[in-house]
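Take a look at the structure set out below.
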Amino acid sequence: ELIPQDLVYIDLCTDSGISSSSTRQLAATAAPSELEPGMGLAGEGSRAFAALADEVRRVFGFSYVVATPQGRAAERIWTKIHVKPNTFVVGNLLFPSTRVHIEMNGAKVIDAADEAAYDLTSDEPFKGNLDVQKLQRAIEEKGAGNVSCIYVELSDNACGGHPISLANLRAIKEIAAAHHLPLFLDACRILENSCLIQQREIGYQERTILEIVRETCDLADGCTLSALKDFLVSSGGLILSRNKESYQKASMQAFLDG
């Protein structure tokens, strides 16, 4: 990341930022069919945002949408709102930027990843799963009041992009509900995760990707995502929530942070 681009002859980075805009996308932004007023400091009043929000609600099922310049901006805003100092966040092997934002708020991450995540020779189909016993033990040891949230990354980057199963997410949700803890997703790769569920999880071979995406989201209280991974755009991120108060705080923070 620190090497100047003019010194890079071959770039094998496929993490994010690799989706070029199509000519159709560029044409749509260059010659819109309807004139838009200047968006000023907030884009929520524009037709473009309304169209985006409607489509996001249709696909993901969350009531509230905040658009951000990048996924890391979405994480920063969301953790400012939901992660308290001197608390803990329990998750699988979270993405580095997510971890940094949690730690910048004075909290600590507890890794509760399944042991298969560390075994390169394992044939376990869902290495992204949380170990529910580790999760339960962490909450009991630290006290539910000292845990800000449970955060789960789909198609977990740190263990090679391996998916998390819906059965595991349901078990996590039961534990979260029992302790009155919010469950948040890093949904950058929710389409990849859903595709692998369709291929690998019993009972999902005849389900569509959209149905699996919705079932995944129905188990979560909110999510953050970078749109550069699975959504074939060159910039942008999203915060999705069911809670109006959290949405209002996130929307105002996004307005203030730009």
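Within the range 81-103, the set of residues being under 25 Å from Leu256 (Cβ atoms) and either of a type in the set (A, V, I, L, M, F, W, C) or in contact with a Leu (Cβ under 8 Å, 6 or more places away or on another chain) (or both) comprises Ile81, Val83, Val89, Phe95, Val100, Ile102.
For every residue, the table says whether it meets (1) open to solvent by 10 Å² or more (accessible area, probe 1.4 Å); (2) free of Cβ contacts under 8 Å to residues at least 40 places away in the same chain; (3) touching a strand residue (DSSP E or B) at 6+ places or on another chain (Cβ under 9 Å).
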site: Asn105; (1), (2), (3): yes, yes, yes
site: Glu124; (1), (2), (3): yes, yes, yes
site: Ser155; (1), (2), (3): no, no, yes
site: His162; (1), (2), (3): yes, no, yes
site: Leu169; (1), (2), (3): no, no, yes
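Counting only residues that are modelled with pLDDT of 75 or more and either aliphatic (A, V, I, L, M) or touching a Phe, Trp or Tyr at 6+ places or on another chain (Cβ under 9 Å) (or both), which one in the range 6-43 is surrounded by the fewest Cβ atoms within 10 Å (Cβ to Cβ)? For the range 6-43, the residue satisfying everything is Ile10. Quick check, is Ala117 in a helix (DSSP H, G or I) and touching a residue at least 24 places away in the same chain (Cβ under 8 Å)? Taking the combined requirement at face value, the residue satisfies it.
Does Phe62 fit the bill of being outside any helix (DSSP H, G or I) and in contact with a Pro (Cβ under 6 Å, 6 or more places away or on another chain)? No; evaluated as a whole, the condition is false for this residue.
For beta carbons closer than 6 Å, sequence separation of 6+ or different chains, a first residue in the range 184-198 that is on the phi < 0 side of the Ramachandran plot and a second that is of a type in the set (Lys, Arg), the qualifying pairs are Cys188/Lys229; Arg189/Lys229.
Residue check: Leu94 meets all listed conditions (1) part of a helix (DSSP H, G or I); (2) crowded, with 20+ Cβ neighbours inside 10 Å; (3) not charged (D, E, K, R) but one, namely (1). Test Ser165 against the stated conditions and say whether it is more than 20 Å from Arg57 (Cα to Cα) and polar (S, T, N, Q). Here the answer is yes, as Ser165 does meet what is asked.
Scanning the range 207-230 for residues that are over 19 Å from Asn168 (Cα atoms), of a type outside the set (Gly, Ala, Ser) and crowded, with 17+ Cβ neighbours inside 10 Å yields a count of 5.
Considering the range 231-258, the residues that are surrounded by fewer than 23 Cβ atoms within 10 Å (Cβ to Cβ), over 14 Å from Ala187 (Cα atoms) and of a type in the set (Gly, Ala, Ser) include one that is modelled with the lowest pLDDT, namely Gly258.
Considering only the range 120-153, state which residues are in contact with a Lys or Arg (Cβ under 8 Å, 6 or more places away or on another chain) and either farther than 27 Å from Pro85 by Cα or in a loop (DSSP other than H, G, I, E, B) (or both). If the condition is that a residue be in contact with a Lys or Arg (Cβ under 8 Å, 6 or more places away or on another chain) and either farther than 27 Å from Pro85 by Cα or in a loop (DSSP other than H, G, I, E, B) (or both), then Pro125, Phe126 are the ones that fit. Of all the criteria given as (1) in a helix (DSSP H, G or I); (2) open to solvent by less than 60 Å² (accessible area, probe 1.4 Å); (3) modelled with pLDDT of 95 or more, the one not satisfied by Val100 is (2). Report yes if some residue within the range 53-68 is modelled with pLDDT of 80 or more, more than 21 Å from the chain's Cα centre (by Cα) and more than 19 Å from Leu228 (Cβ to Cβ); otherwise report no. Checking the range 53-68: not a single residue is modelled with pLDDT of 80 or more, more than 21 Å from the chain's Cα centre (by Cα) and more than 19 Å from Leu228 (Cβ to Cβ).
The values are calculated or read from the model by the stated rules, or taken from the named source; none is laboratory data. Everything quoted here is computed from the prediction, not taken from an experiment. Cβ atoms come from the backbone with ideal geometry, glycine included; neighbour counts cover every protein chain shown. All accessible areas refer to the heavy atoms of the entire protein, side chains included, with ligands and DNA or RNA removed. Shrake-Rupley method; radii C 1.70, N 1.55, O 1.52, S 1.80 Å.
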